[in-house]
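A.B. asks: Could you have a look at this structure, given as structure tokens, before my questions?
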């Protein structure tokens, strides 16, 4: 039987309807579709997909179980390598990772590995209990700082190895960027909560409202714990550094998304945190976060939601799926356009952004063609809200408060490939070490560090 | 959960609460702030620390009821619990022996000024305090601050206590009388801090102000609290809340603090606390 060239289609909410709600956009495979998609897998001996996975999931093996209809076993195989399959199955950049290496690409589309991962995780959640075997206690204590993807992964793996783990979280809720950054319509918060419940069932304790670097210092944790993992993520948002950026109505993507996602401003005044966006919203940047901002703005009632980006469609760093969804929902892409300044009204609210058209020149240090302004093409766009989604620098609290911790010029904590910092017993991973990247890379870093910490603990007396 | 150990009503709209938060109390220093959230649907609001008791493990904050959250907080009783309480946040005041320091507090700004005055006195400074309020009923911590100051002046808008007029009038008088001043600390309404900073700029007296922009996380993540200082963007939560008053763009702070004023009114109205 010939293999179907395309992935089985993911059922999705109609774009016209979904821009009026915050419900999840892709609805997930049903059992029949999942089995059919799983049967597309060629079960290659050389497993190229596994090499593409930052956490090394045994991909052909879990897919094989789906094809057989044994979803429990598929889940066991998944969870052996990832503590957050329902999250990975939704937000991983599969096209660059597992699916990007799939042999089927030679014939057509790769196996829908992400969709299958999500299917298994959701299926098991719906069924209820996940059985957990607790290993024998090692008697060692590890402190994990930050309950985001890196910290949760590291904590889950360490617990599975028998160590006693406490996670310190600055916010009032777990998940980090999964909770404050990624919108409900892309990653439902109930899913994040369920994943966290699983990690807690592994024996991990999470303490909220503890700002490490302020409430307690790393040095103090070192006295009480045998090892420490720092996963505090990307902190300070970057701005465009143009005139008018501090006008009311100009938000960092972090502030806007935190208000809407974590603080649930989309349900104001039922929830106390407000957000105000007006009719015309411009998002600056073209990564996943920018797409999240532009699509969130539509759901909050924006009539026009622009993405303003200085390069062309080809250079946009967002996943294809996010860009497609944004197009479907009516986001207006103003490409090869660079903002020059924000113009405010008499009350100090932003009312316009002045932009200039760009042209692409020779490739720059990032390998992408350098955008060059085209003289005399200045124009303005009327806006009520500007969302700046151009990245962030590492959170400064721990680097600043930890004596002797080796930090790179940009403020990232310096580590080796396994997450070791220059202080014995102190590890770091995720955005705090690498700079802003993806959820799965943070998870991969948490996983490697857990392994290194386990080795360290077994040799430490 | 964080229990309210003590509550005092300082005036119709100003309340003082002491909260059990041992970890925060252990580290708290003058000039720092906390972020609290009342319940699951609450917003996160920053309040500057008015006092701390390391032995009791308690933090005291004083707040004016201006929006839905502060009004709701004002209705809470001793024994009630807050959902979240995180801190101490921000950079502590740089306390050292400067010589003569004038500490100026206006309205609820007097509350965070108190631990700073106390620390400056303990560091061996000659401390002159100037407290201002609209009227005598809104004046707070007069006795406490008097105890740790070498001199105390009071100014009220209506003259119901102390000198009739503004704190800046008292400061001007001190300068005119030839009082040597090494540093000024000014905490209060934005407009008060601006007037004080404008005055001391003329005499090149170093002036520290404590800013209170809108915040969400308070840990350097959201950038909502950004303020313009010396032409640069700073984050009040991790770079402040104290800044050189001569460099702060107070107009911008005023505008940014009004960002959600309509939503706030709406929320108050719906909650029946307008």
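A.B. asks: Away from chain A (no Cβ under 14 Å), outside any loop (DSSP other than H, G, I, E, B) and surrounded by fewer than 19 Cβ atoms within 10 Å (Cβ to Cβ), is that true of residue B:191?
C.D. replies: It is true that residue B:191 is away from chain A (no Cβ under 14 Å), outside any loop (DSSP other than H, G, I, E, B) and surrounded by fewer than 19 Cβ atoms within 10 Å (Cβ to Cβ).
A.B. asks: Can you report the number of residues in the range A:246-259 which are within 7 Å of chain B (Cβ to nearest Cβ) and either surrounded by 24 or more Cβ atoms within 10 Å (Cβ to Cβ) or assigned to a loop (DSSP other than H, G, I, E, B) (or both)?
C.D. replies: 6
A.B. asks: How about the range A:261-272: which of its residues are buried (at least 24 other Cβ atoms within 10 Å of the Cβ) and either assigned to a loop (DSSP other than H, G, I, E, B) or at pLDDT 95 or above (or both)?
C.D. replies: A:263, A:272
A.B. asks: Another question about this same structure. Just give me the residues in the range B:226-255 being without any contact (Cβ under 8 Å) to a residue 40 or more places away in the chain, under 24 Å from residue A:393 (Cα atoms) and more than 9 Å from chain A (Cβ to nearest Cβ), in sequence order.
C.D. replies: B:229, B:230, B:231, B:232, B:234, B:243
A.B. asks: For the subset of the range A:195-209 comprising residues that are within 14 Å of chain B (Cβ to nearest Cβ) and surrounded by fewer than 20 Cβ atoms within 10 Å (Cβ to Cβ), which member is nearest to residue B:90 (Cα to Cα)?
C.D. replies: Residue satisfying both the conditions and the ranking: A:208.
A.B. asks: Inside the range A:316-367, can you point out the residues that are free of Cβ contacts under 8 Å to residues at least 24 places away in the same chain, under 30 Å from the mean Cα position of the chain (by Cα) and more than 23 Å from residue A:296 (Cβ to Cβ)?
C.D. replies: Result: A:363, A:364, A:365, A:366, A:367.
A.B. asks: Would you tally the residues in the range A:99-128 being farther than 15 Å from residue A:30 by Cβ and assigned to a loop (DSSP other than H, G, I, E, B)?
C.D. replies: The qualifying residues number 7.
A.B. asks: Here is a further query. Does residue B:15 qualify as being in contact with a helix residue (DSSP H, G or I) (Cβ under 6 Å, 6 or more places away or on another chain), part of a strand (DSSP E or B), more than 13 Å from chain A (Cβ to nearest Cβ) and on the phi < 0 side of the Ramachandran plot?
C.D. replies: Taking the combined requirement at face value, the residue satisfies it.
A.B. asks: From the set of residues in the range B:201-216 that are outside any loop (DSSP other than H, G, I, E, B) and crowded, with 24+ Cβ neighbours inside 10 Å, which is farthest from the other protein chains (Cβ to nearest Cβ)?
C.D. replies: Across the range B:201-216, the extreme among qualifying residues is B:207.
A.B. asks: Also: Do we have residue A:232 as under 30 Å from residue A:414 (Cβ atoms), buried (at least 24 other Cβ atoms within 10 Å of the Cβ) and in contact with a strand residue (DSSP E or B) (Cβ under 9 Å, 6 or more places away or on another chain) here?
C.D. replies: Yes: the conditions hold for residue A:232.
A.B. asks: Being surrounded by 15 or more Cβ atoms within 10 Å (Cβ to Cβ), under 26 Å from the mean Cα position of the chain (by Cα) and at negative phi is the requirement here; does residue A:37 meet it?
C.D. replies: So residue A:37 fits the description; yes.
A.B. asks: Then there is this: Suppose the filter is within 13 Å of another protein chain (Cβ to nearest Cβ), in contact with a strand residue (DSSP E or B) (Cβ under 9 Å, 6 or more places away or on another chain) and closer than 15 Å to residue A:209 by Cα; does residue B:83 pass it?
C.D. replies: Here the answer is yes, as residue B:83 does meet what is asked.
A.B. asks: Also, I was wondering about something else. Could you list, in sequence order, all residues of the range A:316-347 that are part of a strand (DSSP E or B) and in contact with a helix residue (DSSP H, G or I) (Cβ under 6 Å, 6 or more places away or on another chain)?
C.D. replies: None - no residue of the range A:316-347 is part of a strand (DSSP E or B) and in contact with a helix residue (DSSP H, G or I) (Cβ under 6 Å, 6 or more places away or on another chain), so the list stays empty.
A.B. asks: Something else about it: Residues in the range A:386-419 that are within 14 Å of chain B (Cβ to nearest Cβ) and within 24 Å of the chain's Cα centre (by Cα): how many?
C.D. replies: Summing the residues that are within 14 Å of chain B (Cβ to nearest Cβ) and within 24 Å of the chain's Cα centre (by Cα) in the range A:386-419 gives 15.
A.B. asks: Related question: In the range A:287-315, what count of residues is obtained for those that are in a loop (DSSP other than H, G, I, E, B) and either in contact (Cβ under 8 Å) with a residue 40 or more places away in the chain or surrounded by fewer than 22 Cβ atoms within 10 Å (Cβ to Cβ) (or both)?
C.D. replies: Selection size over the range A:287-315: 8.
A.B. asks: Please work out which one of (1) at the interface with chain A (Cβ under 8 Å from one of its Cβ atoms); (2) within 23 Å of residue B:91 (Cβ to Cβ); (3) not in a strand (DSSP E or B) is the condition residue B:267 fails and give its number.
C.D. replies: Among (1) at the interface with chain A (Cβ under 8 Å from one of its Cβ atoms); (2) within 23 Å of residue B:91 (Cβ to Cβ); (3) not in a strand (DSSP E or B), the lone unmet condition for residue B:267 is (2).
A.B. asks: Out of (1) under 28 Å from residue A:454 (Cα atoms); (2) at the interface with chain B (Cβ under 7 Å from one of its Cβ atoms), what's the single condition that is false for residue A:231?
C.D. replies: Going through the list (1) under 28 Å from residue A:454 (Cα atoms); (2) at the interface with chain B (Cβ under 7 Å from one of its Cβ atoms), residue A:231 breaks only (2).
A.B. asks: Hey, another quick one. May I ask you to list the residues in the range A:361-391 that are at pLDDT below 90 and buried (at least 16 other Cβ atoms within 10 Å of the Cβ)?
C.D. replies: If the condition is that a residue be at pLDDT below 90 and buried (at least 16 other Cβ atoms within 10 Å of the Cβ), then A:369 is the only one that fits.
A.B. asks: Looking at the range B:217-230, is at least one residue surrounded by fewer than 19 Cβ atoms within 10 Å (Cβ to Cβ) and out of contact with any helix residue (DSSP H, G or I) (no Cβ under 9 Å at 6 or more places or on another chain)?
C.D. replies: yes
A.B. asks: If you don't mind, there's one more thing I want to ask. Is it the case that residue B:87 is buried (at least 24 other Cβ atoms within 10 Å of the Cβ) and on the phi < 0 side of the Ramachandran plot?
C.D. replies: no
The values are calculated or read from the model by the stated rules, or taken from the named source; none is laboratory data. Being a predicted model, the structure only gives us computed values, none of them experimental. As a convention, Cβ positions derive from the backbone with ideal geometry for all residues, glycine included, and neighbour counts pool all protein chains shown.
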